[in-house]
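Comments concern the structure below.
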Amino acid sequence: IISIDEAGLVCEFNHAAEQIFGFHQVELLGKPLTAIIPERLRDLHLTGLRRYLSSGQRHLPRWHNIELPGLSKDGREFPLEVSFSLLEAGEKKFLTGVLRDITERKRAEVELQQTKEAAEAATQAKSEFLANMSHELRTPMNAISGFTRLVMRRSKDILPSREHENLGKILISAEHLLALINDILD
């Protein structure tokens, strides 16, 4: 929890804030909040704060669960989730932020996204493999079955019964193998 007064100076910097940012409370009390704001955003922060304190016009579209970058004492930038509230005590205004380091959540989101993309790629590869194998395996088996039937029909009276039976065995084996291929591919 961090609070600033109307002048934009830190008036509350609790123990959890010390742990998140690496500053001791005494280092920031009575000083601008800019020490924990990345340099590229400091002017924007100061301009928005001045506008809000003078006119009440907010720079941010909402004040709850906003993702903003924070800056630790050692110069490390990290993602924060911030919710602000305004406290008015007589003529004085205090802006309080409840901040949470969401580095782990962001890391988990990236990891989840990468896992999702890998799963989608694997699914696509599987689909391509199955489509390919379906064609490569079923086509020859259908040809074997079809030609075996054709030979059996046309040569029923020409071939000796033993050879006709052998064609029947080829047909049964081909159909059995095609059924196994279909089961595997399905």
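The values are calculated or read from the model by the stated rules, or taken from the named source; none is laboratory data. Just so it is clear, the model here is predicted, and its values are computed rather than measured. Because the Cβ atoms are built from the backbone with ideal geometry, glycine has one as well, and the counts that use them run over all protein chains shown. Protein only, heavy atoms only, side chains kept; ligands, DNA and RNA dropped before computing areas. Shrake-Rupley method; radii C 1.70, N 1.55, O 1.52, S 1.80 Å.
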- Message: Could you work out the relative contact order of the range 42-186? I mean the mean sequence separation of Cα pairs under 8 Å and 6+ apart, divided by the number of residues, in percent.
- Response: 13
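222 nm [θ] for the chain, helices only, -39500 (n - 2.57) per DSSP H run of 4+, per residue, to 500?
That comes out to -18000 deg cm²/dmol.
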- Can you give the angle from 0 to 90° between the axis of helix 139-154 and the longest principal axis of the chain, with both taken from C-alpha atoms, to the nearest 10? 20
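Evaluate Rg over Rh across the range 71-130, taking Cα atoms for both radii and Kirkwood's formula for Rh.
Over the Cα atoms of the range 71-130, Rg/Rh equals 1.38.
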- Query: What is the set of long-range amide H partners of GLU12 at a cut-off below 5 Å, with H atoms built 1.01 Å from backbone N?
  - Reply: SER3
- Task: Consider the candidate values [x] 8, 23, 16, 8, 7, 7, 8, 9, 8, 5, 2, 0; [y] 9, 38, 38, 13, 2, 0, 0; [z] 9, 27, 19, 10, 7, 6, 6, 6, 5, 3, 1, 0; state which one is P(r) over Cα pairs in 10 Å bins from 0, in percent computed from the structure displayed.
- Result: [x]
- Quote the FRET efficiency, to the nearest 0.05, computed for LYS126 versus SER173 with a Förster distance R0 of 30 Å and r equal to the Cβ-Cβ distance. 0.60
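As a test of understanding, state the convex hull volume per residue of the range 98-186 from its alpha carbons, in Å³.
Normalising the Cα hull of the range 98-186 by residue number yields 80 Å³.
What length, rounded to one decimal in nm, is gained on full extension from GLN114 through to LYS73, with 0.36 nm per residue of separation minus their alpha-carbon distance?
11.7 nm
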- Query: If you roll a 1.4 Å probe over the range 32-121 with all protein chains in place, what percent of the accessible area is carbon or sulfur?
  - Reply: 55
- Item | Radius 14 Å from Cβ of VAL151, net charge of other residues (Lys, Arg +1; Asp, Glu -1) | +2
- Item | Lys, Arg +1 and Asp, Glu -1 on Cβ, resulting dipole of the range 1-147 about Cα centre, debye, nearest 20 | 280
- Dipole check, the chain, charges on Cβ (K,R +1; D,E -1), about Cα centroid: among SER72, ILE144, ILE1 the Cα furthest to the positive pole belongs to ILE144
- Message: With θ taken as phi - 60° and the coefficients 6.51, -1.76 and 1.60, list the Karplus ³J(HN,Hα) couplings across the range 99-111 in order, rounded to whole Hz; mark glycine and proline as x.
- Response: 10, 9, 6, 10, 4, 5, 5, 5, 4, 5, 5, 5, 4
- Taking the chain as a Gaussian network, where each spring joins two C-alpha atoms under 10 Å apart, which residue of ASN14, ASN65, ASN132 fluctuates the most? ASN132
- Message: Check which residues have an amide H placed less than 5 Å from LEU80's amide H, if you skip close sequence neighbours.
- Response: LEU68, GLY70, ILE102
- Note on the structure: Counting only protein heavy atoms and rolling a 1.4 Å probe, one gets per residue an accessible area for the chain in Å² of 67
- Query: If you plug each phi of the range 2-10 into the Karplus form 6.51 cos²θ - 1.76 cosθ + 1.60 with θ = phi - 60°, what whole-Hz ³J(HN,Hα) values come out, in order, with x for Gly and Pro?
  - Reply: 10, 10, 10, 8, 4, 8, x, 9, 5
- Message: Give me the net charge for the shell around ALA174: Cβ to Cβ below 12 angstrom, other residues only, Lys and Arg +1, Asp and Glu -1.
- Response: +2
- Task: Between beta-carbons, use under 15 Å as the cut-off and find the net charge around GLY90, counting Lys and Arg +1, Asp and Glu -1.
- Result: -2
- Might you report the magnitude of the Cβ-based charge dipole of the range 104-152 about its Cα centre, with Lys and Arg at +1 and Asp and Glu at -1, to the nearest 20 debye? 180
- Query: Among 157-164, 43-50, how do they line up from the highest to the lowest mean number of other beta-carbon atoms within 10 Å?
  - Reply: 43-50, 157-164
- Query: Got a sec to turn the phi values of the range 164-173 into Karplus ³J(HN,Hα) couplings, 6.51 cos²θ - 1.76 cosθ + 1.60 with θ = phi - 60°, whole Hz, x for Gly and Pro?
  - Reply: 5, 5, 5, 5, x, 5, 4, 4, 4, 5
- Task: Using only Cα atoms, locate the centre of the range 1-42 and the centre of the range 100-153, then give the distance between them in Å, rounded to an integer.
- Result: 53
